[in-house]
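**Student:** So that we are looking at the same thing, I have put the structure below in structure tokens.
What follows draws every value from the coordinates through simple rules; no lab data is involved. As the structure is a computational prediction, the values presented were derived from the model and not from experiment. Here the Cβ is made from the backbone with ideal geometry for all residues, glycine too, and neighbour counts use every protein chain on show.
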Amino acid sequence: MRDYDNMPKLEWQDDKATLARIKAQILREEPLILLMPKDFDAGTIDPGVCEMEEGCLVDCEPRSTLATLAAANSMPALDEIADAAEEARQRVDVDAVACRLIIHD
């Protein structure tokens, strides 16, 4: 399992400033952990587009993963984050238990 301890963390806020920070971090090809709200529904991802490791979905394709999560949680900003992750060739890990999204290389 990937070690997430030294990755920067950012609490999810649905505002333009936070979205800009998230996209800038991703486009610099630096990892980022997004701490999502406790009511975040991460159970809608098709496990066929990811690998399962220690209860987390890992190395998910960003476009389909974030689009699914955006629709399930009424968070259209996740679609913009998907664009940045796709451009930077990043991957997404989904930790449903801890309500977090890890965007990494």
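**Student:** Tell me yes or no: at least one residue of region 16-23 is touching a residue at least 12 places away in the same chain (Cβ under 8 Å), touching a strand residue (DSSP E or B) at 6+ places or on another chain (Cβ under 7 Å), surrounded by 15 or more Cβ atoms within 10 Å (Cβ to Cβ) and within 12 Å of Ala85 (Cα to Cα).
**Tutor:** The answer is yes, given that some residue of region 16-23 is touching a residue at least 12 places away in the same chain (Cβ under 8 Å), touching a strand residue (DSSP E or B) at 6+ places or on another chain (Cβ under 7 Å), surrounded by 15 or more Cβ atoms within 10 Å (Cβ to Cβ) and within 12 Å of Ala85 (Cα to Cα).
**Student:** Name the residue, out of Asp59, Asp79, that is over 18 Å from Asp5 (Cα atoms) and among the charged types (D, E, K, R).
**Tutor:** Just a single option satisfies the conditions, and that option is Asp79.
**Student:** Write out, first by first residue and then by second, each pair whose Cβ atoms fall under 6 Å of each other, whose residues are 6+ apart or on separate chains, and whose first residue, in region 86-105, is within 16 Å of Thr68 (Cβ to Cβ) while the second is part of a helix (DSSP H, G or I) and β-branched (Val, Ile, Thr).
**Tutor:** Sorted first by the residue in region 86-105, then by its partner, the pairs are Val92/Thr65; Ile103/Ile26.
**Student:** Of the numbered conditions (1) of a type outside the set (A, V, I, L, M, F, W, C); (2) closer than 12 Å to Ile102 by Cβ; (3) over 14 Å from the mean Cα position of the chain (by Cα), Gln90 satisfies every one except a single condition; which is it?
**Tutor:** (3)
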